[in-house]
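Only one structure is covered here, and it is reproduced in the block below.
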Amino acid sequence: MTQTLTTTPPGRYRIRQVVRAETIKMLTLRSTAVMLGITVVATLAVTVLTSHAALHHTAQYYLGFDPTQQAIGAMVIAGLTGGVFGALLITGEYSSGTIRTTLAAAPRRPLLLAGKVVVTAVAATVFCVLLTLASFLLGEAVLAGGGAPHADLGSPGALRAVVLTGLFVALLALLSFGLGLLFRSTAAAIAAFVGIVFVLPLVMHGISDAGLRYVPTNLLTNSVMSTVNQGPGELVRPFPPAVALLLMALYAAVVVAAGAVRFVRRDA
Amino acid sequence: MHTGSGPPAGGYPHRKDTDQRYSPRPAGPVPCTGMITAHALTKRFGATTAVDDLTFEVRPGCVTGFLGPNGSGKSTTMRMIVGLDLPDAGSVLIDGKPFAELAWPLREVGALLDAKAFHPARTARNHLRWLAAVNDLPRRRVDEVLGQVGLEAVADRRAGKFSLGMGQRLGIAAALLGDPRVLLFDEPVNGLDPEGIRWVRTFLRELAAEGRTVFVSSHLINEMALTADRLVVIGRGRLIAETSVDEFVARGGGGAVRLLTPDGAPFASALTAAGGTVEDTDGALTVKGLTAPQIGDLAARDGLRIHGLTPVTATLEDAFMELTHDEVDFRSTTIGAAGASPKE
């Protein structure tokens, strides 16, 4: 071999190198673009449809109507696709065997995992906040165009609802990433994610209404997305939005931490 | 069990059946680094001990073959060297350091552990790009290693569409990316066609000739005979031998001499008296423990007739069978399987 590397940079590899590599990994898979594309199209399509469905009703219908929640409600769909995306980021490495190549290049596992979490969290947050904003603006435009009550970013609670919804959905993706770390299998991680986020509320409904308000989907739709106070007649009092977001952050942190312990201690 | 000895000053003597010459290191200072040392390495999976108190070292400047039947613990050992599996006891170090503590792992150790350790949807070039980024390797290295393994033309195709041989080449490119001093290859010729096998063999020897440490595992004994200078032989996770190929062959029955003579009986007793062992096979005598010149001198001294005198070189395979023969439980199970089906 004629080409040899004569200069070794000082120091050692750090999180900066890991973040760069993980970013390249994420951007060089067509599945990333496909997932994000489907998410954008599906979310915005549902936003238009549901906003349109809220037009031309009687005055009775618009009592307690929350135009913000109406517009960004479709982010639940992004929650589902985001969950698939988050799980795939890690389970795709296990199913393909890439994890072994990755660990042979960056064997300090806590550092490697930190880099992966940073890339996942940043990408999911930017994407989800922007998509929530797009969903909000599109939905409000439809509502306004149809003469229904509508909001703008200056309306009370609207900006907060948009930003917190984006963050919340990003946390769902991170939770799913943690499930992927735990299970190392795409099917198991996605099944667990769908179970927690979409099946648990249905099951809890019949068991405990008090417990229901702790379920992620309820935190999202009843607390984080909402800008209108629920009436005193509500059976389940929702948490304040900030508390709901913190609870979700706690869930994600617990699952990622459990996954991290497994990732660091177990054979790859 | 440790039977290793240092390499002779001028490199290792060659076996006469090989045409791939191992050239000694080029003149000039060669950094004396790249040593792999395993000490009392042990790994258990449940009740099975996959690697059992394994101690050996792998040196720079030659190809060290890691030989053993399927399931003897080669891959597990390889995985422990790069920290994928964590040992239950013992240690394995690269220049005295655990792999995880290397500053720039790809610049120090390149490993091909798995034919398909890449994402099938990513192109070969992009696979190498992210890998280069982890260790701050310049972008040009990606093109260089693609050229070295002959994948330039398909660099922008999805790696999942690659044949097994192309996948192996991509794995080798990844191992070479950081221009490391230590190279690990786990069964690198698996699934390759004869041309590919020859290419890998030549390649490994070139890498060693550059002063690198090349540690290559195989269950294909004859492939190892052509590629390796030194051997670490294991069976059922335990060390059987750590030696040069020639020494290993010599130990496992070594050379014999085939003797045709009409004076069978007196010749046999003379040979036995001189310290040889004699076996009568198909009317010829197979003599061990004495060289052909020694037998000739003996014949001249005692006036015995020789009609033919042929040195018979034992193969690595013979030696392997001979030495693993003594392993408890070994012949009946594992050896039979490995010897009978080299395709696995």
What residue, of B:Arg181, B:Arg236, is within 28 Å of B:Glu108 (Cβ to Cβ), among the charged types (D, E, K, R) and touching a residue at least 40 places away in the same chain (Cβ under 8 Å)?
B:Arg181
Looking for something in contact with a His (Cβ under 6 Å, 6 or more places away or on another chain), within 30 Å of A:Leu159 (Cα to Cα) and away from every other protein chain (no Cβ under 14 Å) - is there at least one such residue anywhere in the stretch A:17-40?
no
Please note which helices (runs of 4 or more DSSP H) are completely contained in the stretch A:163-268 and include at least 2 residues that are in contact (Cβ under 8 Å) with a residue 24 or more places away in the chain.
A:186-194, A:209-212, A:241-265
Tell me, yes or no, whether the stretch A:135-156 has at least one residue that is farther than 25 Å from A:Phe239 by Cβ and among the polar types (S, T, N, Q).
no
Any idea which residue in the stretch A:128-140 is farthest from A:Thr43 (Cα to Cα), counting only those that are in contact with a Ser or Thr (Cβ under 9 Å, 6 or more places away or on another chain) and without any contact (Cβ under 8 Å) to a residue 60 or more places away in the chain?
A:Val129
Can you name every residue in the stretch A:71-98 that is among the polar types (S, T, N, Q) and crowded, with 24+ Cβ neighbours inside 10 Å?
A:Thr91
Please specify each residue of the stretch B:252-282 satisfying the condition of being in contact with a Leu (Cβ under 8 Å, 6 or more places away or on another chain), open to solvent by less than 70 Å² (accessible area, probe 1.4 Å) and free of Cβ contacts under 8 Å to residues at least 24 places away in the same chain.
B:Gly264, B:Ala268, B:Gly275, B:Gly276, B:Val278
Counted residues in the stretch A:63-122 being touching a residue at least 24 places away in the same chain (Cβ under 8 Å), outside any helix (DSSP H, G or I) and away from chain B (no Cβ under 13 Å) come to 5
Residue tally, condition over 30 Å from the mean Cα position of the chain (by Cα) and open to solvent by less than 50 Å² (accessible area, probe 1.4 Å), over the stretch B:293-319
6
Out of the stretch B:92-125, which residues are open to solvent by 10 Å² or more (accessible area, probe 1.4 Å), assigned to a helix (DSSP H, G or I) and more than 7 Å from every other protein chain (Cβ to nearest Cβ)?
B:Glu101, B:Glu108, B:Arg125
Looking at the stretch B:187-203 only, could you name the residues that are under 12 Å from the mean Cα position of the chain (by Cα) and over 15 Å from B:Leu113 (Cα atoms)?
B:Arg201
Can you work out which of the residues in the stretch B:204-225 that are within 13 Å of the chain's Cα centre (by Cα) and within 14 Å of B:Cys62 (Cβ to Cβ) is modelled with the lowest pLDDT?
B:Met224
Evaluate the stretch B:130-142: report whether one residue or more is assigned to a helix (DSSP H, G or I), among the aromatic types (Phe, Trp, Tyr) and buried (at least 21 other Cβ atoms within 10 Å of the Cβ).
yes
Considering residues that are more than 13 Å from A:Tyr214 (Cα to Cα), open to solvent by less than 30 Å² (accessible area, probe 1.4 Å) and modelled with pLDDT of 90 or more, the number found within the stretch A:224-255 is 3
Can you tell me which residue in the stretch B:144-160 is nearest to the other protein chains (Cβ to nearest Cβ), limited to those that are in a helix (DSSP H, G or I) and touching a residue at least 12 places away in the same chain (Cβ under 8 Å)?
B:Gln148
Could you check how many residues of the stretch B:195-228 are polar (S, T, N, Q) and open to solvent by 20 Å² or more (accessible area, probe 1.4 Å)?
2
Considering only residues that are more than 8 Å from chain B (Cβ to nearest Cβ) and either modelled with pLDDT of 95 or more or surrounded by 12 or more Cβ atoms within 10 Å (Cβ to Cβ) (or both), which ones fall in the stretch A:1-15?
A:Arg14, A:Ile15
Are any of the residues in the stretch B:76-86 of a type outside the set (Lys, Arg), facing chain A (nearest Cβ under 7 Å), buried (at least 17 other Cβ atoms within 10 Å of the Cβ) and assigned to a helix (DSSP H, G or I)?
no
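Matching residues to (1) more than 28 Å from B:Thr33 (Cβ to Cβ); (2) outside any loop (DSSP other than H, G, I, E, B); (3) within 14 Å of chain A (Cβ to nearest Cβ):
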{"residue": "B:Trp199", "(1), (2), (3)": "no, yes, no"}
{"residue": "B:Leu207", "(1), (2), (3)": "no, yes, yes"}
{"residue": "B:Gly211", "(1), (2), (3)": "no, no, yes"}
{"residue": "B:Val216", "(1), (2), (3)": "no, yes, no"}
{"residue": "B:Leu226", "(1), (2), (3)": "no, yes, no"}
{"residue": "B:Val232", "(1), (2), (3)": "no, yes, no"}
{"residue": "B:Leu239", "(1), (2), (3)": "no, yes, no"}
{"residue": "B:Glu242", "(1), (2), (3)": "no, yes, no"}
{"residue": "B:Val249", "(1), (2), (3)": "yes, yes, no"}
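The values are calculated or read from the model by the stated rules, or taken from the named source; none is laboratory data. This is a predicted model, so every value here is computed, not measured. Positions of Cβ are generated from backbone atoms using ideal geometry, with glycine treated the same way; all protein chains shown enter the neighbour counts. Surface areas here come from the heavy atoms of the whole protein model, side chains and all, with no ligands, DNA or RNA. Shrake-Rupley method; radii C 1.70, N 1.55, O 1.52, S 1.80 Å.
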